[in-house]
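Structure record follows, encoded as structure tokens.
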Amino acid sequence: MASACTHLAYAGLRVLDLSQGIAGPYCGQILRQLGADVVKAEPLDGDWSRRIGLARDGMTAITMAFNRGKRSLACDARQPEGRALLALLAARADILIQSFRPGVAQRMGLGPAEVRAANPSAIYVSISGFGQSGPDAQRPGTDAIAQAVSGMAVTNRAPDGTPATAKPYIADVSCGLYAANAVGAALFARERSPEGLGTHLDLSLLACMAALQNPLLIEHVWRGDAPATAATVPQGLYATADGHIALAAMSDAMFAAISEVIGRPAWRSDPRMATAASRLAVAGEIDAALKAVLLTQTSAQWVAAFMARDVLASEVRHATQLLDDAQVRHLGLLQPMARTDDPTLAPLPGVALPGVDAMHDVPRAPRLGEHTQEILRELRFDDARIATLMQAGVLGPLGSSHSSH
């Protein structure tokens, strides 16, 4: 029987995460979930994701979801002492992740050339909106901007044609995934390299949005200015008597079964509906009939009927229903995560990393500066030196002394 990776492949690796938001932090969290020690170095006012969205006790859902298990260091990189501290951490890191606008890291003395000159084995990850060079390199980018520029917002448009962004943060999340994947390949290449050299990985939200849309781009070249069509009919979300279902006819056999279930057996012998390609020409007729019939019964009734005929179908549910889903519980996909606002309350849902042993527990996200002293002591800073840096405003107020490890 197949099983997930039960050992922590990246145990012993050190990661310096200078990134903010979602894309870079998610890459760092994936590395942490695979066993790496991730130091999240933040400005004195914290990663900007700590200030947006729903929050409890100074911790936002974004921070909690994409920074689990990291150690937080708060320092002012605008000061020479702060930059020197980050350089010390970079010199011993296996992987460095940053999401500054192109050129900023270089001005801090933490660009890929500077870091790899001091630490040739370092794998340096640059994440930006539009890449490190080119006419738009200095353009700031966020998830919504990347979806707009790349055409994803139009790809995901509403039925009335209004562009819409795909959730949740698909540009950021996919970029974090692509970055973590690239890091894995770079680590493998480093192991195979006689010199053990690292590399510079350049990822952008724009590149990730292009990668996700490759099939659509191919279809566009083939189609030209003709209207886009569905890949197969029926396929999509349909209203029922009490909600919605997802339904897809991925083969002629499935279409025949759908025809029987909804009481349209004549469709099976209709030459216009004999193949997936021919059905596209009468998609409007098929969808109209299907929509009318599906309104006559509940979602559960329809799903049971379709599944009995081996047709792809599911009720459309709210994401929170995952919390009580029997299959989710069976697979151990949710890991309890301690709360910072009130540890006596029920833990928050932390989601396991797919492909990794679901029983591996990853602690909560850190408070700002929670591990500053711990990290500096590992660098052999004594209490007097730490106090001096604090008085100079290089270090932020120290977070809770309670470790999230």
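The values are calculated or read from the model by the stated rules, or taken from the named source; none is laboratory data. Quick caveat: nothing in here was measured; it's all calculated off a predicted structure. Cβ coordinates were reconstructed from backbone atoms using ideal geometry, including for glycine residues, and neighbour counts include every protein chain displayed.
Can you name the residue in region 371-401 that is assigned to a loop (DSSP other than H, G, I, E, B) and at pLDDT 95 or above and, of all such residues, is nearest to residue 36 (Cα to Cα)?
Of the residues in region 371-401, the ones assigned to a loop (DSSP other than H, G, I, E, B) are 371, 379-382, 392-394, 396-401.
Imposing the further condition that a residue be at pLDDT 95 or above reduces the set to 371, 379-382, 392-394.
On the way: 371: 16, 379: 18, 380: 21, 381: 23, 382: 26, 392: 31, 393: 30, 394: 27 Å.
Within region 371-401, the match that is nearest to residue 36 (Cα to Cα) is 371.
Restricting the search to helices (runs of 4 or more DSSP H) fully inside region 230-320 and requiring at least 3 residues that are modelled with pLDDT of 95 or more and either under 21 Å from residue 159 (Cβ atoms) or among the hydrophobic types (A, V, I, L, M, F, W, C) (or both) gives 252-261, 283-294, 299-308. Residue check: is residue 195 touching a Ser or Thr at 6+ places or on another chain (Cβ under 9 Å), of a type in the set (Asp, Glu), under 26 Å from residue 88 (Cβ atoms) and surrounded by fewer than 18 Cβ atoms within 10 Å (Cβ to Cβ)? Spelling it out, residue 195 is indeed touching a Ser or Thr at 6+ places or on another chain (Cβ under 9 Å), of a type in the set (Asp, Glu), under 26 Å from residue 88 (Cβ atoms) and surrounded by fewer than 18 Cβ atoms within 10 Å (Cβ to Cβ).
Just to be sure I understand, how many residues within region 113-128 are in a helix (DSSP H, G or I) and touching a strand residue (DSSP E or B) at 6+ places or on another chain (Cβ under 7 Å)?
So the count comes out to 2.
Set side by side, the residues 268, 223, 264 differ, and just one is within 30 Å of residue 149 (Cβ to Cβ), free of Cβ contacts under 8 Å to residues at least 40 places away in the same chain and out of contact with any Pro (no Cβ under 7 Å at 6 or more places or on another chain), which is 223. Of the residues making up region 36-69, those that are in contact with a His (Cβ under 8 Å, 6 or more places away or on another chain) and farther than 18 Å from residue 126 by Cα number 1. Looking only at residues of region 247-258 that are buried (at least 16 other Cβ atoms within 10 Å of the Cβ) and small (Gly, Ala, Ser), we find that the one that is nearest to residue 276 (Cα to Cα) is 249.
Just checking, does region 329-341 include any residue being closer than 30 Å to residue 259 by Cβ and assigned to a helix (DSSP H, G or I)?
Let us first name the residues in region 329-341 that are closer than 30 Å to residue 259 by Cβ, namely none.
Scanning region 329-341, I find no residue that is closer than 30 Å to residue 259 by Cβ and assigned to a helix (DSSP H, G or I), so the answer is no.
Any residue at all in region 131-148 that's free of Cβ contacts under 8 Å to residues at least 12 places away in the same chain, in the same structural domain as residue 27 (by TED's automatic domain parsing), within 30 Å of residue 9 (Cα to Cα) and more than 22 Å from the chain's Cα centre (by Cα)? No.
Can you report the number of residues in region 259-310 which are touching a strand residue (DSSP E or B) at 6+ places or on another chain (Cβ under 7 Å) and either of a type in the set (Val, Ile, Thr) or loosely packed, with under 15 Cβ neighbours inside 10 Å (or both)?
The initial filter retains those residues of region 259-310 that are touching a strand residue (DSSP E or B) at 6+ places or on another chain (Cβ under 7 Å), namely 290-291, 294-295, 299-300, 302-303, 306-307.
From the residues that got through so far, the ones that are either of a type in the set (Val, Ile, Thr) or loosely packed, with under 15 Cβ neighbours inside 10 Å (or both) too are 291, 295, 300, 303, 307.
Qualifying residue count, region 259-310: 5.
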